[in-house]
Amino acid sequence: MQAQNESQDLGVTYLKDYQTPSYLCPEILLEIDINAQHTLVRSTLSLVRNATSPNATLALDCDELELVEITINGERLQASEYTVSDHQLIILD
């Protein structure tokens with residue numbers, strides 16, 4: 001049973017559990033700055049709402065995220081426009 005619990009903790013998704021994504025991501029740009037004290041990753045995602053899920057919330061899985069800022073179309077989001085936890089970032093409509 002140990003192996004099954006470990007795979008669940010790692011966020012393993014099995015084919016039988018797969019769902020069509022609510023958002024499509026045709027382009028991802030990553031800038032990674034590695035220093036002795038920390039690593040800074042800047043990600044730019046081009047997202048398009050999937051027509052089959054017109055009212056879906058944008059939820060991104062994460063691990064050990066220290067959020068610096070979020071911008072959409074050049075506009076910085078206020079803290080009231082998103083929620084962040086240890087394992088997920090949700091952009092509110």
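The values are calculated or read from the model by the stated rules, or taken from the named source; none is laboratory data. Everything numeric in this text was worked out from a predicted model, so none of it was measured. FYI the Cβ positions are ideal-geometry reconstructions off the backbone, even for glycines, and counts take in every protein chain you see. Heavy atoms of the whole protein, side chains included, go into the accessibility calculation; ligands, DNA and RNA do not. Shrake-Rupley method; radii C 1.70, N 1.55, O 1.52, S 1.80 Å.
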Picking from 84, 28, 65, whose Cα lies most toward the positive end of the charge dipole for the chain (charges on Cβ: Lys, Arg +1; Asp, Glu -1)? 28
Can you give me the long-range amide H partners of residue 58? Hydrogens built in the peptide plane at 1.01 Å from N, cutoff under 5 Å, separation of 5 or more residues or another chain. 91
Judged on accessible area alone, 1.4 Å probe, highest first, 63, 93 line up as 93, 63
From the phi of every residue in the range 22-28, what ³J(HN,Hα) in whole Hz does the Karplus formula 6.51 cos²θ - 1.76 cosθ + 1.60 yield, where θ is phi - 60° and glycine or proline is x? 6, 10, 9, 10, x, 8, 10
Per residue, how much accessible area does the chain have with a 1.4 Å probe, in Å²? 88 Å²
Ignoring any ligand, DNA or RNA, what whole percent of the accessible area of the chain comes from carbon and sulfur when the probe is 1.4 angstrom? 50 percent
